[in-house]
Amino acid sequence: MRRPRARRLAVALLALSTLAPAAPAAAAPGSPFTRPVAQPARHSPDRGHPLDPALAARLDEAVEAVRQETGTPGVTVGLWLPGRGTYVHSTGVADKETGQPMTPDLNVRIGSETKTFTITALLELVDDGLVGLDDPISKYIDCVPDGEHITIRQLAEMRSGLFSYTFDPDFQQALFSDPERPFTPQELLAYAFKHDNVFAPGADFQYSNTNTVLLGLVVEKLGKMPLRDFIHQRVLEPAHLKHSLFPVGNELPEPYAHGYTNQTLSGQVEDSTHWNPSWGWAAGAMISDLHDLHHWAKTVATGTLLSPATQAEREKFVPVPGFDDAGYGLGLFRTHGWVGHNGSLPGYETVTMYLPEQDATMVILLNTDITYQGNEPSTLFAKAVTQIITPDHVYDLPAEK
């Protein structure tokens, strides 16, 4: 069944997708992030020792079958399997108008994978002693409905009960009427806060961009700089991610894949490459590529940037009702042994996962978010790939009903 737009903009763990990012706060005067970040020279896409040719051929066939079935324009799959080899494969096109092929070196918008960066930034502040996970959000941000009872932890694990602004019809109309317009975090929260909370704090799970936007504001307040600056300085630089950025507006550094979506007022497919991701802000605005996400997968899953104690808090994956072997921690989820996050916003989907049991990494990038039989296409690619490479750990998230 075609998923209603309201559901697609604020999908629960079901698809773990999130609309684009909410507008970034103004950068400090003289900040290097007040303009598009220059991209370094492109790199080799971490090919390493290749997989057995027969296994690679099976993967090629499976990836192409899903691409054809779902109508995905282009996809890149990267697998790093210690002791077995590396698989990096692109198929299809990055630009339907010119026929430019999909290649492993292209930048894409990563949607909700932004949450892993925002929550890492927040947890660094926990390690700095500036915020406590069980502090109420009212200690840092005013006017949050029931904010004196909603904790920082509950926001990060999607158990606050706050209404997600992406469900709000007025927000949806504003976004799709002018998808290149900017939004501020305060505008996004205003769409959410005009609604009653959907459950008492900690009583249930609901995936909500409102939670992460609030935590982005906490990072700004305690980090004493714009969120994008903090993420660049405290997360991207120490993680050595030179091709990732939190954009100022709708910029997308070259080379990039064009994105295609049917989340439009007409329902027709449009090129959404230069839509402004400010509507996702801390929850979904960032840009990255295969190389950086390969390295980020293990960094975030193992807590390289955090203290062991804080990483242990992050890994308290709370079971999600109705989902087989799936749990959500602090800006991170686990499914069938894989740990990481996915992302979806109009025109793009990504999956970045790490399998601790095998020290294996999987990154999938595609340039559409158009669902197929209720499924996020990224889930179908990840499922097909893991059925071959890790049959005892098959990545899966349920389809929309």
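The values are calculated or read from the model by the stated rules, or taken from the named source; none is laboratory data. The structure presented is a predicted model; accordingly, all values stated were derived computationally and were not measured. Every residue, glycine as well, gets a Cβ built from its backbone with ideal geometry; the counts of neighbours run over all protein chains shown.
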Filter pass, LYS224 being of a type outside the set (A, V, I, L, M), on the phi > 0 side of the Ramachandran plot, modelled with pLDDT of 95 or more and surrounded by fewer than 24 Cβ atoms within 10 Å (Cβ to Cβ):
yes
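What residue, of GLU349, GLU357, GLU315, GLU376, is touching a Phe, Trp or Tyr at 6+ places or on another chain (Cβ under 9 Å) and of a type in the set (Asp, Glu)? Outline the logic, then answer.
On the way: GLU357 fails: touching a Phe, Trp or Tyr at 6+ places or on another chain (Cβ under 9 Å); GLU315 fails: touching a Phe, Trp or Tyr at 6+ places or on another chain (Cβ under 9 Å); GLU376 fails: touching a Phe, Trp or Tyr at 6+ places or on another chain (Cβ under 9 Å).
The match here is GLU349.
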What are the residues in the range 115-135 that are out of contact with any strand residue (DSSP E or B) (no Cβ under 8 Å at 6 or more places or on another chain) and assigned to a helix (DSSP H, G or I), if any?
PHE117, THR118, ILE119, THR120, ALA121, LEU122, LEU123, GLU124, LEU125, VAL126, ASP127
Pick from the range 354-401 the residues that are assigned to a loop (DSSP other than H, G, I, E, B) and among the aliphatic types (A, V, I, L, M): which of them is farthest from SER112 (Cα to Cα)?
VAL394
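Being of a type in the set (S, T, N, Q), in a loop (DSSP other than H, G, I, E, B) and closer than 23 Å to VAL318 by Cβ narrows it down to one residue among SER138, SER160, SER112; which is it?
Values: SER138 fails: in a loop (DSSP other than H, G, I, E, B); SER112 fails: in a loop (DSSP other than H, G, I, E, B).
Just one listed residue meets the conditions, SER160.
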Any residue that is more than 30 Å from THR91 (Cβ to Cβ) and surrounded by fewer than 21 Cβ atoms within 10 Å (Cβ to Cβ) - is there at least one of those in the range 271-290?
no
Evaluate the range 75-82: report whether one residue or more is over 24 Å from the mean Cα position of the chain (by Cα), more than 28 Å from PRO226 (Cβ to Cβ) and not in a helix (DSSP H, G or I).
yes
So the check is Cβ under 9 Å with 6+ separation or different chains; which pairs have a first residue in the range 235-250 that's modelled with pLDDT of 95 or more and a second one that's aromatic (Phe, Trp, Tyr) and part of a loop (DSSP other than H, G, I, E, B)?
LEU236/PHE246; ASN250/TRP275
Matching residues in the range 276-303 - criterion: being in a loop (DSSP other than H, G, I, E, B), in contact with a strand residue (DSSP E or B) (Cβ under 8 Å, 6 or more places away or on another chain) and of a type in the set (Gly, Ala, Ser):
SER278, GLY280, GLY284, ALA285
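With the condition being more than 15 Å from GLY284 (Cβ to Cβ) and touching a Gly at 6+ places or on another chain (Cβ under 8 Å), I'd like the helices (runs of 4 or more DSSP H) fully within the range 176-274 carrying at least 1 qualifying residues.
Working: elements: 185-193, 209-223, 227-231.
Helices (runs of 4 or more DSSP H) meeting the threshold: 227-231.
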